[in-house]
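The values are calculated or read from the model by the stated rules, or taken from the named source; none is laboratory data. As the structure is a computational prediction, the values presented were derived from the model and not from experiment. Glycine gets a Cβ as well: all are built from the backbone with ideal geometry, and neighbour counts include every protein chain shown. Ligands, DNA and RNA are stripped out before the accessible areas are found, and what is left, the full protein with its side chains, is counted by its heavy atoms. Shrake-Rupley method; radii C 1.70, N 1.55, O 1.52, S 1.80 Å.
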Amino acid sequence: MNIQEILKQFKNIEPDASYSATSKRAILAVEPGATRKPWTVRRTILTIVETGVAVALTVFFIFIVLGGLPGSELAPMKYSAIDPSSLHAEAEAIDMQIELAQLNYSEPAAESTAPITSVSVSSSTAGATTPATASLFASSTAINGVPGAGASSSATSSATTTVTLDQALQALGQ
Amino acid sequence: MNYSKTAFIGALFAAFFLAVGVLAAPLAQAQTVAQAATPTCTITQDDLAAIAAAQAQSLTAELAARKALLTRIITCAEENVQALQTDLAGVQTNAATAALQSQLSGKLDDAMNYYGLEFAKVNNAGIAGTEGVANEILAWRAGTYDPLADQVANFVLWSENQNLFTTAQNRLGEVQNLVSFMEQAAPNPDLAQDLTSAQSLITTAVQENNSAENALMQSEPSEATLSLITSSLQSLSDAYQKFSNISTIVQQLLPAASSASGQ
């Protein structure tokens with residue numbers, strides 16, 4: 001008998017009729033979903049814990065890959081911590097803020113101590129000027145050193161001198 | 001027929017350009033007026049001299065010159081308040097400082113209202129009236145506005161510094177890790193000393209920064225608050241000097257680090 005004939009005989013193999021019937025009955029007797037295990041609190045907690053551990057591990061490995069947790073010894077070594085250019089940039093930003101703070105110091109001081117050096121019209125040309133006003137508006141000596149100089153000459157010399165709002169208010173109030 | 005169609009289209013174009021011209025002219029004029037109405041806030045000796053010159057002419061001229069300068073001063077003062085308000089609004093706050101920001105903003109609104117009231121007084125004032133308004137504003141600025149402006153400036157400055165403190169603390173953490181790693185491999189007294197100094201300076205800076213915050217919250221004198229702010233920044237700057245020393249030492253110990261530090 002050659003191998004082909006043996007293989008052909010395999011087609012005739014079939015189970016025992018009584019065993020086949022028993023198996024069929026057993027399979028048909030099982031209800032759908034009966035293989036699922038019943039719900040329990042313990043099983044639910046275990047599922048949550050398993051999921052949580054999986055998520056935590058994933059996050060942990062992502063942190064490690066992306067550069068580690070700050071302050072942790074698990075973090076990879078960062079030589080960028082001593083990068084001179086970034087250190088310099090951060091130090092410069094601090095110095096700028098220090099300069100701003102010093103400006104805040106100097107602004108009020110400059111405003112309060114700056115003398116009112118105005119002005120243009122001498123008392124002789126002021127006409128109806130009141131004495132108090134004349135004292136403010138009529139001392140050209142501070143600017144051009146020529147007492148009693150006319151309005152036009154002193155106005156030219158004082159063109160670039162600015163006054164603060166408080167100084168201008170002080171002048172207007174007298 | 002063709003002639004009338006061409007004439008009609010021509011008339012339409014003419015009407016369009018006429019309308020544009022009619023509408024644009026007042027607009028351009030309004031812009032010119034608006035530009036002219038915006039006063040320059042650089043007040044010079046010449047502006048004061050103009051009043052003195054007007055005094056020599058007549059009382060009417062003097063009054064007009066005084067009113068013009070006074071309204072200009074008030075408008076400029078209002079612009080200063082608005083600038084402070086803008087700076088204040090741009091500050092990033094946390095739960096603790098948001099209340100102070102709101103409080104300061106309210107006070108700046110009060111300042112705007114005050115200037116508005118004084119501006120209204122100028123219209124009906126005589127020469128003595130303008131003197132009175134000027135003196136009122138001067139006294140109010142010295143007693144109320146200047147301390148408020150200083151407080152706002154300090155608050156803005158302090159708020160802008162907070163990012164620098166966060167960055168410095170992060171930097172300290174990274175440098176600590178690096179130095180402790182290197183110390184395990186090969187102890188270096190200079191490295192350890194600079195790190196200790198940097199830690200100490202940053203601790204001091206943070207304490208001074210917290211004190212400055214408390215001073216702002218309790219509306220302490222501006223000079224004291226500004227002094228704390230400046231000290232905290234100076235401590236932070238000194239800490240960066242130590243970081244720089246550490247950087248130099250590490251690069252001497254590990255030449256490869258100098259190429260890797262850019263990463």
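What is the local net charge at B:Glu118, summed over the other residues whose Cβ is closer than 11 Å to its Cβ (Lys, Arg +1; Asp, Glu -1)? Write down the numbers at each step before the final one.
Working: positive: B:Lys121, B:Arg141; negative: B:Glu78, B:Glu136.
Cβ neighbours under 11 Å give a net charge of 0.
Can you give the average number of partner chain beta-carbon atoms within 10 Å of each beta-carbon in peptide B:219-225, as a whole number?
1
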Problem set entry | Karplus 3J(HN,Hα) series, Hz, for the stretch B:214-231 with 6.51 cos²θ - 1.76 cosθ + 1.60 (x for Gly, Pro) | 4, 5, 5, 5, 8, 6, 6, x, 4, 4, 5, 5, 5, 4, 5, 4, 5, 4
Exercise. How big a patch of accessible area, both sides summed and in Å² to the nearest 100, lies buried between B and A at a 1.4 Å probe?
Worked result: 4800 Å²
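Sort the stretch B:161-263 into rounded, prolate or oblate with this rule: let a ≥ b ≥ c be the square roots of the eigenvalues of the Cα gyration tensor; rounded if a/c is under 1.5, and if a/c is not under 1.5, prolate when a/b is larger than b/c, oblate otherwise. Please list the in-between numbers first.
On the way: a/c = 3.20, a/b = 2.70, b/c = 1.19.
Taking the square roots of the gyration eigenvalues as a ≥ b ≥ c, the stretch B:161-263 is prolate.
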For this session: Starting with the highest mean, order A:83-93, B:150-160 by the number of other Cβ atoms within 10 Å, averaged over the residues of each peptide.
Result: B:150-160, A:83-93
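Plugging the Kirkwood radius over Cα pairs into Stokes-Einstein for the stretch B:88-175, at a temperature of 37 °C and a viscosity of 0.692 mPa s, what D comes out in µm²/s? Don't jump to the answer; show the numbers that get you there.
Values: Rh = 15.7 Å.
Rounded to a whole number, D works out at 209 µm²/s.
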Problem set entry | Local electrostatic count, B:Ile202, Cβ distance below 15 Å [Lys/Arg +1, Asp/Glu -1] | -3
Problem set entry | Burial ranking of peptide ranges B:135-147, B:40-52 (average Cβ count within 10 Å, highest at the top) | B:40-52, B:135-147
